[in-house]
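**Student:** Supplied in structure tokens, the structure appears directly below.
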Amino acid sequence: MMSINIVAYKCKKCGRVHFPFHDRCLACKSREFEEIAPKGNAKLLTYTTIFNLPWGFDQRFLIIGIAEFENGVKAMGQVDAQSVEGLKLGMKVRPNWASVRQQHGEDIYGLKFEPIE
Ligand SMILES: [Zn+2]
């Protein structure tokens, strides 16, 4: 398994985690951040199905979700499921850094969430 290539930014003052980067903390306006990586499994916060995919995807639709890691990092990724049946908000997902599509014959890597409940 490849490691997850995401850096999130934790406010040094109040601890709020930002991903992607914000200039100032959304909670306390501080400009000092510590870089952290997502850790552990994640909890599915929301998901949606996207049809009409751009060129390079060979599936008919994608399920995209936002999940929150154990250390508070929230990130968007592809949900590794055949349909939304069986998905539920708050369920545990395992994050993987995996090929999400192909471009010019090469794999493009991104975040994938695999339901583990
Ligand atoms: Zn803050």
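**Student:** Can you pull out the GluC sites (Glu not before Pro) in region 1-105 whose DSSP state is coil and whose Cβ has at most 15 other Cβ atoms within 10 Å?
**Tutor:** Hits after loop and neighbour filter: GLU32, GLU70, GLU85.
**Student:** Assuming 0.36 nm per residue, please report the length gained on full extension of the stretch THR46 to LYS13 beyond their Cα-Cα distance.
**Tutor:** 9.1 nm
**Student:** Once both labels are modelled 7 Å past Cα along the beta-carbon direction, what's the TRP97-TRP55 spacing in nm?
**Tutor:** Between TRP97 and TRP55, the label points sit 2.9 nm apart.
**Student:** Loop-only chymotrypsin sites (Phe, Trp or Tyr not before Pro) in region 1-40, please: DSSP not H, G, I, E or B, and at most 16 other Cβ atoms within 10 Å.
**Tutor:** PHE21
**Student:** Hey, what do the phi angles of region 54-65 turn into as Karplus ³J(HN,Hα) couplings, whole Hz, using 6.51/-1.76/1.60 and θ = phi - 60°, x for Gly and Pro?
**Tutor:** x, 4, x, 9, 9, 9, 7, 8, 10, 9, 10, x
**Student:** Where in the chain is the longest stretch that carries no trypsin sites (Lys or Arg not before Pro) classed as loop by DSSP and with at most 14 other Cβ atoms within 10 Å?
**Tutor:** The segment 89-117 is the longest one with no such site.
**Student:** Can you return the aspartates and glutamates within cross-link range of LYS112? Criterion is Cα-Cα under 17 Å, with same-chain partners fewer than 8 residues away left out.
**Tutor:** ASP58, GLU68, GLU70, ASP80
**Student:** Could you calculate the FRET efficiency of ARG24 with GLU70 from 1/(1 + (r/R0)^6), where r is the beta carbon distance between them and R0 is 35 Å, rounded to 0.05?
**Tutor:** 0.85
Any read-out appearing in this document is the output of simple, stated calculations on the displayed coordinates, not a laboratory observation. What you see is a predicted model, and the numbers here were worked out from it, not measured in a lab. A quick note on method: Cβ atoms are made from the backbone with ideal geometry, for glycine too, and the neighbour counts reach across all protein chains shown.
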